[in-house]
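The values are calculated or read from the model by the stated rules, or taken from the named source; none is laboratory data. All values reported here derive from a predicted model rather than from experimental measurement. Ideal geometry is used to build each Cβ from the backbone, glycine not excepted, and the neighbour counts take in all protein chains shown.
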Amino acid sequence: MASNELDWAKLPFGYIPTDVNVRATFRDGAWGPIEETSSEYINLHMAATALHYGQEIFEGLKAFRGADGKVRIFRLEDNARRIIDSAKGLLMEPVPVELFTEMVKRVVKANERFIPPYGSGASLYIRPLEIGITPQVGVKAATEYMFVVFVSPVGPYFKEGFKPTNICIMREYDRVAPKGTGRWKVGGNYAASIAAGDKAHSMGYSAVLYLDPKEKKYLDECGPANFFAIKNGTYITPASESILPSITNRSLMQIARDMGMKVEERHITVEELDEVSEAAACGTAAVASPVGEVHDLDTGKRYVILNGNEPGPIVTELYNRLRAIQLGEAPDTHSWNTIIE
Ligand code: PLP
Ligand code: COI
């Protein structure tokens with residue numbers, strides 16, 4: 001598709017073909033050269049470990065066209081480090097930070113015409129993924145891996161944009177196990193969430209608010225995003241071994257501290273939702289999506305967080321400050337952006 005045919009302001013969160021993607025393969029104990037290709041397909045052996053035993057990990061980050069026309073990638077090295085943690089979790093070959101950052105920069109540059117213009121509200125979503133490619137039937141780690149990075153211009157993850165949506169609690173599903181893979185960005189976690197997500201969507205909810213899988217007592221995370229809330233002016237967010245350490249959440253916590261707010265990473269019970277004034281789902285895709293109501297489908301209890309259809313003031317301020325840093329409108333005081341020359 002020609003980029004001049006795209007209606008930037010109306011982009012969904014989805015896949016749009018771009019000019020190229022980049023790949024590197026780990027074989028015989030070393031990463032090979034970076035290949036740039038226009039093919040959207042991967043040629044995989046049918047016995048590859050990724051296909052049978054789920055040796056698949058990924059990342060998600062974004063590039064933005066700034067107010068000054070420059071392109072900024074948000075927290076590139078943090079994503080590089082997180083995919084290393086995911087690789088270690090599944091005994092996969094870690095992609096060196098330098099290779100990750102070089103490939104991401106290269107694919108962004110090569111697809112520059114797909115980076116949405118400043119002011120459109122859209123961004124370039126970057127999706128790095130790593131798969132085990134060794135043909136094998138025994139359940140063990142592959143010895144060969146492929147690392148691929150592709151991009152797609154995207155709009156808001158929740159079609160409502162920056163508007164409150166309702167989410168639900170359903171105890172019949174777990175996304176991950178207590179000591180399982182929840183803290184890593186592993187494809188299998190998402191496979192395990194599809195049925196619950198589909199059920200929630202069919203009932204009009206934007207996401208499932210998962211509880212800790214051990215006791216089902218504490219809030220965990222919100223579909224493909226972390227969860228945070230504002231209680232008496234304090235930013236509270238779950239401490240849990242079974243959630244993904246969200247880079248957006250960490251950034252928002254820092255912004256909250258910069259605003260003089262207290263930040264608490266701790267257990268949050270379901271009932272505590274009665275005491276919060278604002279809440280949001282946060283992540284690269286979700287940014288900070290305000291939550292209107294949380295419906296506990298098992299007890300029938302409805303936690304009304306916002307009255308009306310407007311986001312609350314603190315979530316709005318956090319969202320605006322994060323966006324301003326990403327778009328180069330505010331000083332990048334924590335050195336979160338990588339500027340693409
Ligand atoms: N939790 C899950 C399960 C996710 O898929 C994501 C998305 O990446 C997040 C949280 C948010 O993480 P980040 O802010 O690093 O994108
Ligand atoms: C992201 O926010 O980058 C994610 O990975 C969410 C995605 C699974 C839609």
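Side notes on the structure shown:
Conditions (1) outside the structural domain of Ile16 (by TED's automatic domain parsing); (2) over 16 Å from Gly60 (Cα atoms); (3) without any contact (Cβ under 8 Å) to a residue 12 or more places away in the chain; (4) among the hydrophobic types (A, V, I, L, M, F, W, C), marked per residue:
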{"position": "Thr101", "(1), (2), (3), (4)": "no, no, no, no"}
{"position": "Tyr125", "(1), (2), (3), (4)": "no, no, no, no"}
{"position": "Leu129", "(1), (2), (3), (4)": "no, no, no, yes"}
{"position": "Val137", "(1), (2), (3), (4)": "no, yes, no, yes"}
{"position": "Met146", "(1), (2), (3), (4)": "no, yes, no, yes"}
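- Residue list for the range 115-147, filter: farther than 30 Å from Arg323 by Cα and in a loop (DSSP other than H, G, I, E, B): Ile133, Thr134, Gln136, Val137, Gly138, Val139, Lys140, Ala141, Ala142, Thr143, Glu144
- Selected residue (criterion: nearest to ligand 2 (Cβ to nearest atom)) from residues of the range 234-277 that are in contact with a Gly (Cβ under 9 Å, 6 or more places away or on another chain) and more than 24 Å from Thr333 (Cβ to Cβ): Leu244
- Residue check for Leu91: touching a residue at least 12 places away in the same chain (Cβ under 8 Å), surrounded by fewer than 17 Cβ atoms within 10 Å (Cβ to Cβ) and at positive phi: yes
- Residue within the range 265-275 that is surrounded by 17 or more Cβ atoms within 10 Å (Cβ to Cβ) and farther than 20 Å from Thr165 by Cβ present: no
- Residue match in the range 215-223 (condition: within 16 Å of ligand 2 (Cβ to nearest atom), surrounded by 16 or more Cβ atoms within 10 Å (Cβ to Cβ), closer than 27 Å to Gln55 by Cβ and at pLDDT below 95): yes
- Looking only at the range 53-88, residues that are within 11 Å of ligand 1 (Cβ to nearest atom), assigned to a strand (DSSP E or B) and charged (D, E, K, R) come to 1 in all.
- Answer residue from the range 181-204, given it is more than 14 Å from ligand 2 (Cβ to nearest atom) and free of Cβ contacts under 8 Å to residues at least 24 places away in the same chain and is farthest from Ser240 (Cα to Cα) among those: Ser202
- Matching residues, the range 48-86, being among the charged types (D, E, K, R) and more than 12 Å from ligand 2 (Cβ to nearest atom): Glu56, Arg65, Asp68, Lys70, Arg72, Glu77, Asp78, Arg81, Asp85
- The condition of being under 28 Å from Ala239 (Cα atoms), part of a loop (DSSP other than H, G, I, E, B) and not aromatic (Phe, Trp, Tyr) holds for Pro156.
- Some residue of the range 268-276 being within 13 Å of ligand 1 (Cβ to nearest atom) and modelled with pLDDT of 95 or more: no
Each row is one residue, and each column tells you yes or no for (1) surrounded by fewer than 24 Cβ atoms within 10 Å (Cβ to Cβ); (2) at pLDDT 95 or above; (3) not aliphatic (A, V, I, L, M).
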| position | (1), (2), (3) |
| --- | --- |
| Lys105 | yes, yes, yes |
| Pro117 | yes, yes, yes |
| Ile131 | yes, yes, no |
| Val139 | yes, yes, no |
| Ala142 | yes, yes, no |
| Phe150 | yes, yes, yes |
| Tyr157 | yes, no, yes |
